[in-house]
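Values in this text are rule-based calculations from the coordinates and carry no lab data. Quick caveat, the model's predicted, so the values are computed rather than measured. Reconstructed Cβ throughout: ideal geometry from the backbone, glycine too, with neighbour counts over all protein chains shown.
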Amino acid sequence: MINMVEKNAAFRKCTPRIDYQALRGVISRYSRDIYGFRRIRAKLENLEKIVGSEVNLREEIETIIIESGNYGFIIPSSSPYIHRQASVLFYWFSVLKPFHLERNGNDGLYPEAFIIAYYNEYFTYSLINIALHSQSIELTLHKNLEYFKIEFLNQLHFRNLSRSSLEFFLPGWIDKIPDVTTA
């Protein structure tokens, strides 16, 4: 993102904006989808301690939750894979769109129209890549710039990619970061 601004003076004529209410919605929905099952499982284990292990309520309720799946979270797993987590985050950022790029006035050159239109998706991609670096992995969609711009950002922007389609799509674009300390 910084390189893009440094290389293009037109970005100095724009102001990034954050819709904090939408950002909070992204985080709460992500948290519900990723950690909701784990939270309910913990509550059920606590319930088992209170009621007693003879009653086996935990397994019965867990089965009901998994079979029904309409309890506000999508991922019935206590340990979702990293690409699943990234998929849910991409999804909620593309639905609620907390990041915007506003033009400052009407004069002069501005960044390419797709960058202004897809700023939320581009910024989200950058944030998720930063988060994935802590796991020594990265998304590599940006290396195929035309596909990244025309397909991926466009599909995210118009929400043509669901959580499950993102979950199947992303593993093909996640690579390990080479360890430069051993080279």
Lysines with Cα under 20 Å of residue 143, excluding same-chain neighbours fewer than 8 positions away = 7, 176
query = What list do you get for 165, 136 if you sort them by fewest beta carbons within 10 Å?
reply = 136, 165
request  = Sort the following peptides by mean Cβ neighbour count (other Cβ atoms within 10 Å, averaged over residues), highest first: 146-155, 12-21.
outcome  = 146-155, 12-21
Separation of the residue 17 and residue 174 label points, Cα + 7 Å toward Cβ, nm = 3.4
note = Taking 175, 33 and counting other beta carbon atoms within 10 angstrom, the fewest-first order is 175, 33
ask   = Length gain on complete extension for the stretch residue 154 to residue 137, per 0.36 nm per residue less the alpha carbon to alpha carbon distance?
value = 3.7 nm
query = Assuming R0 = 45 Å, what is the FRET efficiency of residue 113 and residue 39, from their Cβ-Cβ distance, to the nearest 0.05?
reply = 0.60
